[in-house]
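Written below as structure tokens is the structure these notes are about.
Coordinate-derived values only; no laboratory data. A quick note: this is a predicted structure, and the numbers were derived from the prediction, not measured. Glycine gets a Cβ as well: all are built from the backbone with ideal geometry, and neighbour counts include every protein chain shown.
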Ligand SMILES: *Cc1c(COP(=O)(O)O)cnc(C)c1O
């Protein structure tokens, strides 16, 4: 069995350090918003090259509180994609705003920047691009449109920590960048965690207040907030892991290149495209194949932990049925939804495992095509 990700292998590398730090937190009696939160916010600001970072409870909260901080709510529209994890549009719904879907570029899996402007209305407040699978969106085009139409930009970087576009880290182009530390992300903790980053001091202060019941001063509450603090134990673990992230991302890129090589002669398998000037961190290595569901089933039977991210595009999910979209509205999104398949990808995967994965995928694609034709 070759899993999509094996968190235990990563744990083995950091176990000694992490166990010491967690024990230290437990003995310290300081469990919430303590020294590790403060230090991690500083360390990750340096890592991402941004002025401010605010630790939160999840990536979902980072998105939701980013929208709140920008006063986006009832009656407002936010332009985003349907080819993403549901948390992206859930956050828009939580604040009472409406997601407006733009189709993706079928090669990059990300928002098609050329199709954004046609979706702008007087109600549009923000663009929310998602750097899916660790691949940066075309941020120069997106920022140009945002400036021209006076829109905010919130970047969903939950799958893309360490990724950069033209040498600049994702999350630092727009007004607020949102990150997740869910265990399987490129920087994952051992529970839930998230982060909002910004270069704007007012936005930083607003998010700090919102995460702790809507007040900057204890027991002084200015507005309805939430409890979205990051536990000290999680912050301590993240501090142990952060220094490894560049190396882990580098390994992911090497593994992606090796998969590309292994699939080079397989005409029926479309390997991921990486844009020029961008540093993709391969949160997922996602191929496209015909007869995807058959291939996926065969792979599972043969012990290859391939996964479908995501099997139903968001505009066709029940949660958004009130918007009234039907099949055909987003052709590239829908086509990709039926073809994508993510293969085992993590820093510690071995060349032998990758060879097994690639060979099995190539065999299964051939067999599925024969069976269907
Ligand atoms: C993981 C993820 C989120 C949500 O992060 P959580 O920490 O699980 O709340 C949001 N958007 C994308 C694209 C994600 O992959």
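In the frame of its principal axes, segment 81-133 has Cα extents of 32, 24, 12 Å, reported largest first.
How many percent of the alpha carbon pairs in segment 149-188 exceed a separation of 12 Å?
Details: 450 of 780 pairs.
Of all Cα-Cα pairs in segment 149-188, 58 percent lie more than 12 Å apart.
The modelled label-to-label distance for the pair residue 367/residue 254, using points 7 Å beyond Cα in the direction of Cβ, is 3.2 nm. Using Cα centres only, tell me the gap between segment 144-181 and segment 27-98 in whole Å. Spelled out, the Cα-based centre of one part sits 12 Å from the other.
Shape descriptor for segment 69-111: Rg over Rh equals 1.02 (Cα atoms; Rh from the Kirkwood inverse mean 1/r).
Pop out the Kirkwood hydrodynamic radius of the chain from its pairwise C-alpha distances, inverse of mean 1/r, in Å to one decimal.
Numbers: mean 1/r = 0.0469 Å⁻¹.
After inverting the pairwise mean of 1/r, the radius is 21.3 Å.
In this rough spin-label picture, where each label sits 7 Å from Cα along the Cβ direction, the residue 71-residue 223 distance is 0.8 nm.
Most simply put, the chain has about 60% antiparallel DSSP beta bridges, counting only bridges with both residues inside it. Gap in Å between the Cα centre of segment 314-373 and the Cα centre of segment 214-244? Rounded to whole Å, the Cα centres lie 36 Å apart. What the Cβ-Cβ distance of residue 247 and residue 359 gives, at R0 = 22 Å and to the nearest 0.05, is a FRET efficiency of 0.20.
If I stretch the segment between residue 277 and residue 216 completely, what's the gain in nm (0.36 nm per residue apart, minus their alpha carbon distance), one decimal? Numbers along the way, then the final one.
Working: separation 61, 0.36 × 61 = 21.96 nm, distance 4.02 nm.
Extra length available between residue 277 and residue 216 comes to 17.9 nm.
Sorted largest first, the principal axis extents computed over the alpha-carbon atoms of segment 212-312 equal 64, 32, 29 Å. For residue 39 and residue 90, the FRET efficiency from 1/(1 + (r/R0)^6), where r spans their Cβ atoms and R0 equals 30 Å, is about 0.45.
For segment 71-108, no residue has its backbone nitrogen under 16 Å from a point 7 Å from the Cα of residue 264, taken along Cα to Cβ. Across all directions, the average projected area of the convex hull around the alpha carbons of segment 50-174 is 7.1 nm².
Can you tell me which of 165-173, 317-325 comes out highest on packing, and rank the rest after it, using the mean Cβ neighbours within 10 Å? Could the numbers behind the result be given before it?
Numbers: 165-173: 20.2, 317-325: 12.6.
Ranking the peptides 165-173, 317-325 by packing returns 165-173, 317-325.
For q = 0.12, 0.14, 0.16, 0.25 Å⁻¹, what log10 I(q)/I(0) does segment 30-111 give under the Debye formula with an equal point scatterer on each alpha carbon and no solvent? Rounded to two decimals, the profile gives -0.49, -0.63, -0.77, -1.09. Note on residue 326 and residue 168: the model spin-label points, each 7 Å out from Cα along the C-beta direction, lie 4.2 nm apart. Label zone of residue 308 (point 7 Å out along Cα→Cβ, amide N under 18 Å): in segment 269-294 this covers 270, 285-294.
Quick one: grab the alpha carbon gyration tensor of segment 234-373, order the square roots of its eigenvalues as a ≥ b ≥ c, and give me rounded if a/c is under 1.5, else prolate or oblate depending on whether a/b is larger than b/c. It is oblate, given that a/c is not under 1.5 and a/b is not larger than b/c.
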